[in-house]
Amino acid sequence: MTSKRIVLRFDESMADKPVISYLVSDYNLIINILKANVSPQKEGTLVLDILGEKYKEGLEYLKQQGVRVHALTEEIIRNEDKCINCGACTAICPSGALYIERPSMEVKFNSDECVVCHQCVKVCPYKAMEVHF
Amino acid sequence: MPGEKSYEEINQKIKEGKAVVVTAEELISMVDEKGVTQTTQEVDVVTTGTFSPMCSSGAFLNIGHTIPKMKMNNIWLNDVPVYGGIAAVDAYIGAASVPENDPFNNNYPGEFKYGGGHVIHDLVARKSIHLEAEAYGTDCYPRRELETTITLDDINEATLFNPRNCYQSYNCAVNLTSETVYTYLGMLKPNMGNAHYATAGQLSPLLKDPYFKTIGVGTRIFLGGGIGYVAWNGTQHSPGFLLTGCNNEKKGPAGGTLSVLGDLKQMKPEWLLGTSVLGYGSTLTVGIGIPIPVLNEEICYYASVKDKDLYAPVIDYGEGYQKGKTDPIKIASFAELKSGKITINDKEVPTAPLTSYTKAKEIAVSLKEWIACGKFTLGQPSQLLPGPDNR
């Protein structure tokens with residue numbers, strides 16, 4: 001059995017629910033949290049490495065709870081030729097991977113912090129954020 | 001008035017390569033250091049810049065006559081509908097025009113991948129554009145159909161003519177509802193999850209001449225990487241000041257706008273970008289830079305106002321804007337907005353710009369270089385625009 005890497009995205013109403021505990025207690029899954037962005041009253045993301053026989057059942061439970069689950073097989077790349085450094089993505093990015101450096105007001109992208117949620121790909125007006133497989 | 005400079009004097013210095021030109025950012029530091037009086041004596045021209053989506057943009061095209069001749073009625077460029085209700089082969093491509101087969105917001109939020117703004121960019125980038133036209137046919141213009149490809153160099157004239165650009169101050173948008181909304185100010189998360197603002201603040205052209213003392217009909221400007229002109233005031237031009245509190249305290253310039261034009265053929269694709277606003281539509285991001293002649297101390301003073309003294313009204317785009325509720329939730333300074341967060345009702349709200357400050361600065365620097373090397377002289381307005389005191 002090999003572990004699987006997944007990205008969980010959830011709305012602010014879910015932020016105080018201990019869903020990961022239930023994955024461990026009810027589905028006997030071994031979980032390694034690789035990245036987490038969880039704050040009270042805010043939408044959040046988690047990147048997990050999961051191992052266990054009841055993997056599928058665990059994912060089903062998450063989906064029933066309203067958590068959006070994606071496989072972590074993609075990477076987000078910034079096309080530097082297209083990016084104009086406006087910043088329209090920076091308050092949308094849930095993990096802080098896209099941010100503005102001050103005082104220059106340049107937009108920076110730290111791909112180590114990216115949770116591949118695709119939000120920037122959708123909102124970038126210049127299509128500068130690309131999904132690579 | 002003693003110490004006043006004239007356009008003629010400044011243009012003479014520009015031609016001789018002796019004009020002192022600084023960007024609005026540099027002027028701020030100079031005034032801090034030397035005061036307004038000395039800076040006015042030293043500086044001839046201040047350059048400004050902004051690079052932002054500006055939906056009220058488009059271009060008049062004269063496509064050229066075919067043999068046999070045709071009075072083009074319905075016209076498409078790369079499937080984007082173009083207005084053909086002017087003379088035989090004249091047309092107007094609007095930045096917000098979208099192909100008829102686009103899913104629009106039926107697949108909410110719509111992506112609006114390609115529209116009029118993208119066509120204008122592709123024209124300027126010298127790409128081949130697919131042209132289709134239909135006509136009802138007349139005795140003098142018998143042809144009824146045309147399908148061909150054109151480039152910007154093939155057509156007779158192309159004039160970028162934007163009815164409303166370069167907003168002075170603009171709303172900062174938040175969303176007070178519990179659902180995400182997709183607006184022309186971007187995706188707004190529920191319960192004030194983010195705040196989006198526009199304009200380049202202390203670099204922004206119309207924030208630096210709030211009384212419209214220098215910017216008027218015929219002002220020569222940086223437009224789309226080339227040279228353009230102010231044609232008139234923009235539509236919905238609303239010069240004035242943001243007012244706040246029971247004393248109606250003035251909080252910086254309000255909603256002046258410009259109508260601008262220029263020869264599209266000498267513009268640059270990197271300064272006219274096709275833009276897709278999720279859930280909203282297609283538009284054009286336009287680079288504009290305006291030189292402000294330092295004719296006197298008052299003009300110098302206003303051009304040196306900083307982000308901390310320039311403001312934007314924070315408006316609810318969740319449902320308030322739609323209902324015409326224009327009372328601001330807060331009036332935030334550009335210094336606050338640019339810091340990355342503002343506080344509204346004790347809640348810290350992350351802020352993000354839609355205007356590229358780094359590109360605005362590049363425009364102000366380019367314009368400064370053009371003027372300093374004598375390539376660009378000032379256009380004295382033949383008529384000033386309505387300002388706060390003479391609307």
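The values are calculated or read from the model by the stated rules, or taken from the named source; none is laboratory data. For clarity, every value in this text was computed on a predicted model and none was experimentally measured. Glycine gets a Cβ as well: all are built from the backbone with ideal geometry, and neighbour counts include every protein chain shown. Ligands, DNA and RNA are excluded from the accessible area calculation, which covers all protein heavy atoms including side chains. Shrake-Rupley method; radii C 1.70, N 1.55, O 1.52, S 1.80 Å.
Per the conditions (1) open to solvent by 20 Å² or more (accessible area, probe 1.4 Å); (2) within 14 Å of chain A (Cβ to nearest Cβ); (3) at pLDDT 95 or above, the sole criterion not satisfied by B:G110 is (1).
Does B:G318 fit the bill of being more than 21 Å from the chain's Cα centre (by Cα), within 26 Å of B:L176 (Cα to Cα), more than 14 Å from chain A (Cβ to nearest Cβ) and not in a strand (DSSP E or B)? Here the answer is yes, as B:G318 does meet what is asked. Being within 14 Å of chain A (Cβ to nearest Cβ) and in contact with a Cys (Cβ under 9 Å, 6 or more places away or on another chain) is a property that holds for B:T285.
Scanning segment B:74-98 for residues that are out of contact with any Asp or Glu (no Cβ under 6 Å at 6 or more places or on another chain), farther than 20 Å from B:T159 by Cβ and open to solvent by 30 Å² or more (accessible area, probe 1.4 Å) gives a single hit, B:D79.
For the criterion of being at pLDDT 95 or above and assigned by TED's automatic domain parsing to the domain that holds B:G226, B:K375 fails. Restricting attention to segment A:62-116, the residues that are under 27 Å from A:I6 (Cα atoms), open to solvent by 80 Å² or more (accessible area, probe 1.4 Å) and at pLDDT 95 or above add up to 1. When segment A:105-129 is limited to residues that are in contact with a helix residue (DSSP H, G or I) (Cβ under 7 Å, 6 or more places away or on another chain) and within 10 Å of chain B (Cβ to nearest Cβ), the one that is nearest to A:A71 (Cα to Cα) turns out to be A:E106. Only one entry of B:L188, B:L123, B:L206 meets the criterion of being within 21 Å of the chain's Cα centre (by Cα), aliphatic (A, V, I, L, M) and assigned by TED's automatic domain parsing to the domain that holds B:E362, and that entry is B:L206. Within segment A:75-132, the set of residues being polar (S, T, N, Q) and within 22 Å of B:G274 (Cα to Cα) comprises A:N79, A:N85, A:T90, A:Q119.
All conditions but one from (1) at negative phi; (2) of a type in the set (G, A, S); (3) outside any strand (DSSP E or B); (4) away from every other protein chain (no Cβ under 14 Å) apply to A:A36; the one that does not is (3). Considering every residue within segment B:111-118, establish whether at least one is in contact with a Pro (Cβ under 9 Å, 6 or more places away or on another chain) and of a type in the set (K, R). No, there is no match, as no residue in segment B:111-118 is in contact with a Pro (Cβ under 9 Å, 6 or more places away or on another chain) and of a type in the set (K, R). Taken over segment B:128-174, the criterion of being over 30 Å from B:G234 (Cα atoms) and either under 22 Å from the mean Cα position of the chain (by Cα) or part of a loop (DSSP other than H, G, I, E, B) (or both) is satisfied by B:S128, B:A135, B:Y136, B:G137, B:T138, B:D139, B:C140, B:Y141, B:R143, B:R144, B:D154. Residues in segment A:10-31 that are open to solvent by 30 Å² or more (accessible area, probe 1.4 Å) and under 21 Å from A:G52 (Cα atoms): A:P18, A:I20, A:S21, A:Y22, A:V24, A:S25, A:D26, A:Y27, A:N28, A:I30, A:I31.
Matching residues to (1) over 27 Å from B:H118 (Cα atoms); (2) touching a Cys at 6+ places or on another chain (Cβ under 8 Å); (3) surrounded by fewer than 17 Cβ atoms within 10 Å (Cβ to Cβ):
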| site | (1), (2), (3) |
| --- | --- |
| B:G218 | yes, no, yes |
| B:H237 | no, no, no |
| B:G240 | yes, no, no |
| B:C246 | yes, no, yes |
| B:A254 | yes, no, no |
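Each residue in segment B:336-364 was checked for being more than 10 Å from chain A (Cβ to nearest Cβ) and either hydroxyl-bearing (S, T, Y) or under 17 Å from B:D307 (Cβ atoms) (or both), and 5 of them qualify. Being away from every other protein chain (no Cβ under 14 Å), crowded, with 16+ Cβ neighbours inside 10 Å and without any contact (Cβ under 8 Å) to a residue 60 or more places away in the chain holds for only one residue in B:K375, B:K330, B:K323, and it is B:K330.
For segment B:175-198, check the following and say yes or no: at least one residue is open to solvent by 60 Å² or more (accessible area, probe 1.4 Å), within 14 Å of chain A (Cβ to nearest Cβ) and not in a strand (DSSP E or B). Yes: one or more hits.
B:V36 passes every criterion in (1) open to solvent by 20 Å² or more (accessible area, probe 1.4 Å); (2) away from chain A (no Cβ under 14 Å); (3) touching a strand residue (DSSP E or B) at 6+ places or on another chain (Cβ under 8 Å) apart from (3). Could you tell me which residue of segment A:39-51 is farthest from the other protein chains (Cβ to nearest Cβ), considering only residues that are touching a strand residue (DSSP E or B) at 6+ places or on another chain (Cβ under 6 Å) and not polar (S, T, N, Q)? In this case the residue turns out to be A:L51. Suppose the filter is in the same structural domain as B:G137 (by TED's automatic domain parsing), among the aliphatic types (A, V, I, L, M), touching a residue at least 60 places away in the same chain (Cβ under 8 Å) and in contact with a strand residue (DSSP E or B) (Cβ under 7 Å, 6 or more places away or on another chain); does B:M30 pass it? Answer is no for this residue.
The single condition among (1) modelled with pLDDT under 95; (2) part of a loop (DSSP other than H, G, I, E, B) that A:Y126 does not satisfy is (1).
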